[in-house]
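Below is one structure, written out as structure tokens; the observations come after it.
All of the numbers you see were taken from the coordinates with simple rules; none came from a lab. Only a predicted model underlies this, so the values are computations on that prediction, with no experimental measurement involved. All Cβ positions, even for glycine, are placed from backbone atoms using ideal geometry, and neighbour counts span all protein chains on display.
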Amino acid sequence: MKNKIRIFNLITIKELASLTNVRKEEIIKICSSLGIKVSFYQRLDYELLTLVASDLGYEVELIDKQIIKRNNKKVSLSRDPVIILLGHVDHGKTSLLDYIKRSQVNYEEYGGITQNIGVYKVNINKNNSLTFIDTPGHEAFMAMRYRGTQITDIAVVVIATDEDIMQHTNEAINNAKSVGIPIIFAFNKIDKKNSDIDKIRRKLAERNILVEEWGGAYQSQEISAKYGIGIDKLIEKIILEAELLDLKYSPENFAVGSIIESSLNKENGYTATIIIKDGILTLGDYILVGEIFGKVIKILDERGNQLKYVRPSRPVLILGLNGTPAAGDIFHSYKTEKEFKKIFNYKNLLKKEQELRFESHESHTSEKLNIIIKADLNGSLEALTESLEKININNKKINLIYKSIGNINESDVLLADTYKAMIVGFKVKISSAAQKLANNNKILIKVYNLIYKIDKNIKDFLSNNSKREELIYGRAKIQNFFTIRKIGIVAGCIVLEGKMVINSTIKLKRDNKIIYVGKLNSLKTFKKDVNVVKKGSECGINIKNFNNIKIGDIIESYKDLGGSWRI
């Protein structure tokens, strides 16, 4: 009989690794054997999750899948299609959308690079409206692009004909194919002198992707997003594809949909951009998405107008949640508080069950740089996390201490001081109190508006072997340990080099690896409290808030001088 994993939302590979007590790399390998390329922070759809878990000897029970059964009304009305724009950076996705909706989205973004998923409803004519999702092209947003294909009906893959089929283009195609949505190719920049459309068609054919012009099944259209050439024909092909899909919904069903993005601000509190796939969401409905819940107190359209209800495929902003759900998470609505609380309480039980089973499976074989991340939005936070955790320079990696959305505050600085970490912010502000505290404690805070600059600077930092200045006092070896009432575990040590100093910062090393950084809380010789113990002498050492010591461990006593981060 297989072990059972009960989850209340789709989970990432990292979370599945913790629940099943296997390495993340092993799960990646299983997915690869199934012909599916995935990343650590990618949420697995239910079918793939079931296959992978079964291979590991587990059975998956997805509670949200049971909840969907409530929606059993006859589907009767047509809904608009949701289209995602995918492709490599600077191949023209945002320019294409700009032309379609007659606005200048790219000018509102730093450096002309789309940093967050944008969702826009475009009225094409009296009979047709399309909802477009514009995704970033930078590699840091791989997870965001993947989630986009999970909540959309049609993918438009934009390829610049004056370049080549790039890594992100292949990734976009694979993502769209893996979730089974139709793909339309937009061959962009045909106005360029070095445009070579046949080269692009040939490159696609080498990947077993034949467009209609070459006798295949995939629609394609030559366009110039800059001058609007061919865009009307592209829209016609999108509408044709949507008609073939025959998209429907039932207005009698409970609203079910996906989170596009979420954030926290002073004016509105927690907000979430959503798209409904079935049912109708009405003011006053209760919403549950993973661990996040709330009562919908306001619905705003893309222009900030208040709505009383919203139908499927229309992007809206909702207020009333108690937190920020992750982009791509599925939400369900409830009409009564009683029904909502019943499901919510059940999910809480599952959450506690998961927390008891979660274990850390991170490798400690590499030297790590402690970092705290603060970002403006959940999607940005996840993208930045994935980007940094992939870094490995000279066997040095990032150790993510803490991450959250919101501005940088005093608590973040105190946490950074405890772990000797730097704080990296993305599109956030630093409170004056936090900046003052950081200056006093020599904690480095760097805030950026472009993720690739963070990635580059961290890599440069690790490559240059930069580190905080430290005054090493001495080293001691643990020979035995015992318990003293009111103090806790005391390590019996011999000082090998220099001296041990009371209240100094210490590193506990095991097999030449740092496993803990903290404070030397108590220093004794023959039961007498002392301030210093020199080389060759025996002593008793208590490490503040840490008892996981072993005979043979090395305690290094030092003073953190700070001030030498070079980023």
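For a test of the definition: using alpha carbon positions, the gyration tensor, and the 1.5 limit on a/c, classify the range 188-233 as rounded, prolate or oblate. Oblate, since a/c reaches 1.5 and b/c is not below a/b. Between SER78 and THR282, the FRET efficiency from the beta-carbon distance, with R0 = 22 Å, is close to 0.60. Can you list the residues, at least 5 places off or on another chain, whose amide H is less than 5 Å from the amide H of LYS397, using H built in the peptide plane? HN-HN under 5 Å from LYS397: GLU367, LYS368, LEU369. Distances between placed amide hydrogens fall under 5 Å for GLU61 paired with ILE5, ARG6, ILE7, all partners being 5 or more residues away or on another chain.
What is the distance in Å between the Cα centres of the range 236-268 and the range 82-96? Cα centres, the range 236-268 to the range 82-96: 19 Å. Residues of the range 487-513 with amide nitrogen under 12 Å from the 7 Å Cα-to-Cβ point of GLU538? Hits in the range 487-513 for GLU538 at 12 Å: 492-495. Backbone geometry of the range 262-267 corresponds, through the Karplus equation with coefficients 6.51, -1.76 and 1.60 at θ = phi - 60°, to 3J(HN,Hα) couplings of 9, 7, 10, 9, 5, 6 Hz, x marking Gly and Pro. Skipping prolines and chain starts, which residues have an amide H placed within reach, meaning under 5 Å, of the one on GLY257, given they are 5 or more residues away or on another chain? Under 5 Å from the amide H of GLY257 lie the amide H atoms of LYS277, PHE331, each far enough along the sequence or on another chain.
For the pair GLU410 and LEU34, label points projected 7 Å from Cα toward Cβ lie 4.9 nm apart. Our estimate of slack between ASN268 and ASN174, defined as 0.36 nm per intervening residue step minus the Cα-Cα distance, is 30.1 nm. In order along the range 119-127, phi translates into HN-Hα couplings of 10, 9, 9, 10, 7, 6, 7, 5, 9 Hz, rounded to whole numbers, per the Karplus curve 6.51 cos²θ - 1.76 cosθ + 1.60 with θ = phi - 60° and x for Gly and Pro. Residues in the range 330-336 carry Karplus couplings, in order, of 8, 10, 10, 10, 9, 8, 10 Hz; the curve used is 6.51 cos²θ - 1.76 cosθ + 1.60 with θ = phi - 60°, and Gly or Pro positions show x.
Expressed as a whole number of Å, what is the distance separating the alpha-carbon centroids of the range 441-512 and the range 205-225? About 57 Å separates the Cα centre of the range 205-225 from the one of the range 441-512. For a paramagnetic label modelled on ILE487 (point 7 Å from Cα along Cα→Cβ), amide N atoms under 12 Å away belong, within the range 519-540, to 521-531, 539-540.
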